[in-house]
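Worksheet: one structure, shown below.
Bear in mind that the values in this text are calculations on the coordinates, not laboratory data. Just so we're clear, the structure is a prediction, and the values are computed from it rather than from any experiment. We place every Cβ from the backbone using ideal geometry, glycine too, and count neighbours over all the protein chains shown.
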Amino acid sequence: MNSVDLIEKSKRYLWLPFTQMMDYDENPLIIESGEGIKLKDINGKEYYDGFSSLWLNVHGHRKKELDNAIKEQLGKIAHSTLLGMTNVPATELAEKLIKITPEGLTRVFYSDSGAEAVEIAIKMSFQYWQNLGRANKRKFVTMTNGYHGDTIGAISVGSIDLFHQVYGSLMFETYKVPFPYVYRHPSGDPVQTRDESLAQLESLLKDHHEEIAAVIVESMMQGAGGMILMPDGFLSGIRELCTKYNVLLILDEVATGFGRTGKMFACEHEGVTPDLMTVGKGITGGYLPIAVTFTTEEIYQAFYDHYENMKTFFHGHSYTGNQLGCAVALANLDLFQKEDIVNQVKRKSVYLKQLLSELKSLSHVGDIRQLGFMVGIELVKDKTTKEPFPFEARTGYHVTLKLRELGMLTRPLGDVIVFMPPLASTEQELKEMVHLLKKAIVLVTEKEEEPVEYEVGRR
């Protein structure tokens with residue numbers, strides 16, 4: 001089938017996620033293959049994978065060890081249920097995961113996506129208190145700009161009006177605490193911003209802890225809310241308050257886990273162990289949909305009882321603990337150790353920070369937020385006043401379209417440009433990608449018409 005036919009079929013039959021299809025019809029793109037940290041479309045054009053295929057690719061595409069792990073598992077079995085039984089790779093993976101997670105997390109509950117892992121954490125923390133006879137503890141606390149997925153429970157503990165307000169009547173109510181967005185805080189001071197948010201959280205917990213089941217927060221950096229980095233001490237402050245007021249802490253590490261921030265899990269930056277933790281994305285190296293909800297032994301034991309006492313956790317998915325996904329996840333963890341991925345990210349992040357500093361002088365780059373290989377570049381109309389571009393201008397979107405022309409793929413969050421390259425990216429590849437970022441931002445925001453200096457792939 002030729003490329004024209006494929007594009008027409010994509011326009012005729014598909015409905016793409018988080019996509020206004022009118023935009024797609026104007027700028028269609030179909031990926032055919034990948035190699036290393038690059039993708040190739042059906043016309044043979046190559047692109048840097050500047051957002052790790054939605055924040056999840058670790059070692060690049062067509063990684064031999066990961067490919068072979070799936071092939072080997074296919075020679076045994078592709079899938080059998082985890083309802084009432086288990087399988088070999090799911091069991092082996094659970095043991096390996098517990099050995100690398102923060103101390104105190106002891107149990108693994110599998111699912112298929114980050115949103116499902118969050119749904120599970122919500123239901124577990126809710127039922128935990130019911131099983132203990134504390135039926136009044138059923139409320140949740142979330143953060144402004146928070147994002148935890150797109151299922152009804154996940155959006156209920158999210159707080160991004162652009163995504164969620166249309167579903168308001170379907171969602172359950174939560175308490176919301178301001179996330180410490182230092183760049184947009186009147187003081188611009190990280191300590192003051194942090195302390196004000198923690199003070200509001202403590203006031204809420206002091207007054208309502210008897211009815212609050214859990215606080216849920218993204219670990220260290222908010223993702224879809226705009227790549228907003230926590231000030232130092234905020235996450236550990238939340239942990240202390242949850243302990244003080246006997247409220248569970250759910251940490252969402254779906255985007256931040258598996259080396260993305262320069263630690264295996266982002267909560268390690270502040271030595272925090274949550275009561276429940278959700279992971280996904282990088283767990284399989286970006287190959288297959290596996291997600292996990294971790295819990296402490298205390299939470300697990302609250303469900304462990306004779307069946308007739310009705311404390312069972314009635315939740316499951318058809319593909320929970322899928323053998324192919326667990327097999328590739330095992331191979332992924334082996335590669336983390338063999339190739340020292342976490343320390344490599346930590347080291348290369350210093351170099352990446354130096355590269356990104358070159359963007360600070362650009363007329364419309366207001367803020368650059370980085371933690372490891374998680375980067376958000378906030379574009380503004382006026383750097384002095386921090387005035388944003390008009391919503392209808394869609395500046396961030398047009399920058400990503402220009403990036404596509406230049407040979408790199410990513411998606412914006414409003415006017416925040418996301419840069420989350422595969423963890424295996426070399427320093428040279430990082431340099432080339434940041435060069436493209438700079439060029440695209442200049443061409444769009446400063447209305448310049450510079451020629452492209454080189455094609456992607458050239459050295």
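How much of the DSSP bridge set in the chain is antiparallel, in percent, rounded to the nearest 5?
So the antiparallel bridges in the chain amount to around 65 percent.
Taking the Cα centre as origin and putting +1 on Lys and Arg beta-carbons and -1 on Asp and Glu beta-carbons, what dipole magnitude results for the chain, to the nearest 20 debye?
With Lys and Arg at +1 and Asp and Glu at -1, about 440 debye.
Counting only Cα atoms, I'd like the Rg/Rh figure for the range 74-180, Kirkwood definition for Rh.
Over the Cα atoms of the range 74-180, Rg/Rh equals 1.05.
Between Asp305 and Phe163, how high is the FRET efficiency from 1/(1 + (r/R0)^6) when r is the Cβ-Cβ distance and R₀ = 56 Å? Nearest 0.05.
After rounding to 0.05, the efficiency reads 0.90.
Rounded to the nearest 20 debye, what is the charge dipole size of the range 338-459 about its Cα centre when +1 sits on each Lys and Arg Cβ and -1 on each Asp and Glu Cβ?
400 debye
Sequence neighbours fewer than 8 away in the same chain don't count; with that in mind, list the lysines whose C-alpha is under 21 Å from Lys139.
Lys123, Lys176, Lys206, Lys244, Lys311
Can you tell me the Rg and Dmax of the range 231-357, counting just the alpha carbons, in angstroms?
Rg and Dmax of the range 231-357, Cα atoms, are 17.6, 61 Å.
Which part of the range 257-299 falls in the paramagnetic zone of Ser236, meaning amide N under 11 Å from the point 7 Å along Cα-to-beta-carbon?
Taking a point 7 Å out along Cα→Cβ of Ser236, the residues of the range 257-299 whose backbone N falls under 11 Å are 269-272.
If you wrap a convex hull around the alpha carbons of the range 309-459, what volume per residue comes out, as a whole number of Å³?
Spelled out: Cα convex hull of the range 309-459, divided by residues, is 208 Å³.
Highest mean first, what order results for 68-81, 174-187, 204-217 on Cβ atoms within 10 Å?
Going by the mean number of other Cβ atoms within 10 Å, highest first, we get 204-217, 174-187, 68-81.
Under a 5 Å amide H to amide H cut-off, with H placed in plane at 1.01 Å, what residues pair with Asp367 once short-range neighbours are removed?
Counting only residues 5 or more places away or on other chains, the set is Glu378.
As a test of the definition: which semi-axes, in Å, follow for the range 136-240 when you take the square root of five times each eigenvalue of its alpha carbon gyration tensor? Largest first, please.
22, 18, 11
Through the Karplus equation 6.51 cos²θ - 1.76 cosθ + 1.60, θ set to phi - 60°, convert the phi angles of the range 425-433 into ³J(HN,Hα) values in whole Hz; use x for Gly and Pro.
4, 7, 4, 5, 5, 4, 4, 5, 5
Just how many % of Cα pairs in the chain lie over 27 Å apart, if you round to the nearest whole percent?
Here the long-distance tail beyond 27 Å is 56 percent of all Cα pairs in the chain.
For the charge dipole of the chain, defined by +1 on Lys and Arg C-beta atoms and -1 on Asp and Glu C-beta atoms about the Cα centroid, which residue among Ile290, Gly366, Gly237 has the Cα displaced farthest towards the positive pole?
Highest projection toward the positive end goes to Ile290.
For the range 46-110, what does the alpha-carbon gyration tensor say about shape, rounded, prolate or oblate, given a ≥ b ≥ c as the root eigenvalues, a/c under 1.5 as rounded, and a/b over b/c as prolate?
It is oblate, given that a/c is not under 1.5 and a/b is not larger than b/c.
Once label points are set 7 Å from the Cα along Cα→Cβ at both Glu427 and Asp382, what is their separation, rounded to one decimal in nm?
Using points 7 Å along Cα→Cβ, the separation is 4.1 nm.
Quickly estimate the mean residue ellipticity at 222 nm for the chain, helices only: each DSSP H run with n ≥ 4 gives -39500 (n - 2.57), and the total goes over all residues, rounded to 500.
Rounded to the nearest 500, it is -11500 deg cm²/dmol.
Taking the simple approach of a point 7 Å from Cα along Cα-to-Cβ for both Lys346 and Glu298, what is their distance in nm?
Taking the two extended label points, one gets 2.9 nm.
Report the label-to-label distance for Ala135 and Lys96 in nanometres (one decimal), using points 7 Å from each Cα along the Cα→Cβ vector.
Each label point is offset 7 Å from its Cα along the Cβ direction, giving 4.4 nm.
Quick one: which residues, 5+ away or cross-chain, put their amide H under 5 Å from the amide H of Ser111? H built at 1.01 Å from N.
For Ser111, the qualifying residues are Ala291, Val292, Thr293, Gly321.
May I ask you to derive the FRET efficiency for Asn246 and Thr312 from their Cβ-Cβ distance with R0 = 25 Å, giving the value to the nearest 0.05?
0.55
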